[in-house]
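Here, each number is a calculation from the coordinates, and none is a lab measurement. Just so you know, these numbers come straight off a predicted model, no measurement behind them. So basically every Cβ, Gly included, is an ideal-geometry build from the backbone, and we count neighbours across all protein chains shown.
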Amino acid sequence: MPLVILAGAPGVGKTTVQNVALEQLQTVKPVKVATFGDYMFEIASRDRLVTNRDEMRTKIPREKYKDLQRKAAEQIARDAKDRNIIVNTHLSMVTSFGLIPGLPLEILKLLDPKIIIIVEADPSEISLRQKEDKDRERSDFGDASKLEAFQNYSRSCAAAYSVVQNIPVKIIINKQGKIRDSSNELIEVLKNVF
């Protein structure tokens with residue numbers, strides 16, 4: 001079944017855009033959401049490596065992190081065999097060892113997405129959204145200049161992934177107060193894939 005990558009910087013609103021879109025789309029085509037970080041966290045917490053998702057960026061050594069990515073991708077690929085899946089993830093990650101691709105080649109090939117959809121917003125808007133979200137620790141992203149660099153690196157990763165897998169990339173801009181517009185744009189893309 002088709003698998004779609006939905007990505008964006010932490011705090012950009014990708015999960016909100018996704019959830020609003022799925023409220024309408026689920027009545028037509030059932031879709032499972034696989035949050036890549038949740039899959040990784042389940043494995044990492046079972047192995048007692050971290051106590052929350054945000055620690056994965058700073059407390060897990062690079063080789064173990066790559067192993068977690070692979071295990072999560074294998075499980076998501078198994079889940080995608082019999083259902084439409086949106087993989088909610090990041091195209092790049094801020095870690096204690098620098099920016100890294102969120103979908104290294106091995107992971108990208110395992111998932112075999114049909115399209116990559118990036119949700120973006122003005123970095124200053126994302127920074128404000130992050131500050132309002134008290135459930136997550138995102139001080140390593142923090143300010144607008146870091147977020148701009150993160151979004152630029154993520155776009156570069158998307159371009160590379162697109163070339164390697166020969167798949168399209170769609171960018172949806174999630175402007176403040178325009179969640180319905182962004183969700184409608186996502187619905188149109190998903191209708192063409194699922």
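What are the DSSP H helices in the chain that stretch 20 Å or more along their long axis, judged by alpha-carbon atoms, and whose average Kyte-Doolittle hydropathy comes to at least 1.0? Don't skip to the end; give the middle numbers.
Numbers: long enough: 62-79 (26 Å, -1.88); 144-165 (31 Å, -0.08); 179-193 (21 Å, -0.17).
Flagged H segments: there are none.
Take 164-172, 180-188 and order them by the average number of nearby Cβ atoms within 10 Å per residue, most first; the result is 180-188, 164-172.
Under the rule a/c < 1.5 gives rounded, and otherwise a/b versus b/c splits prolate from oblate, where does segment 3-193 land using the Cα gyration tensor?
Values: a/c = 1.45, a/b = 1.09, b/c = 1.33.
Rounded.
Neighbour counts of C-beta atoms inside 10 Å place Thr51, Thr35, Thr15 in the sequence Thr51, Thr15, Thr35, starting with the fewest. Scanning residues 5 or more positions from Ser92 or on other chains, those with amide H under 5 Å from its amide H are Gly102, with H placed 1.01 Å from N in the peptide plane.
Which whole-number percent is the relative contact order of the chain (Cα, under 8 Å, 6+ apart)? Walk me through the numbers on the way to the answer.
On the way: 288 pairs, mean separation 66.1, N = 194.
RCO, the chain: 34 percent.
How do Ser154, Ser45 line up, fewest other C-beta atoms within 10 Å first? It would help to have the intermediate numbers written out before the result.
Values: Ser154 23, Ser45 15.
By the 10 Å Cβ count, ascending: Ser45, Ser154.
With +1 assigned to the C-beta of every Lys and Arg and -1 to the C-beta of every Asp and Glu, and no other charges, what is the dipole magnitude of segment 3-193 about the Cα centre in debye, to the nearest 20?
Details: 30 positive and 26 negative charges, 71 e Å.
In debye, rounded to 20, segment 3-193 gives about 340.
Could you work out the local net charge near Gln75, counting Lys and Arg as +1, Asp and Glu as -1, over the other residues with Cβ closer than 14 Å to its Cβ?
Values: positive: Lys32, Arg46, Arg70, Lys71, Arg78, Lys81, Arg83; negative: Asp38, Glu42, Asp67, Glu74, Asp79, Asp82.
Here the charged neighbours net out to +1.
For segment 1-106, the list of chymotrypsin sites (Phe, Trp or Tyr not before Pro) that fall in a loop by DSSP and count at most 15 other C-beta atoms within 10 angstrom reads Phe97.
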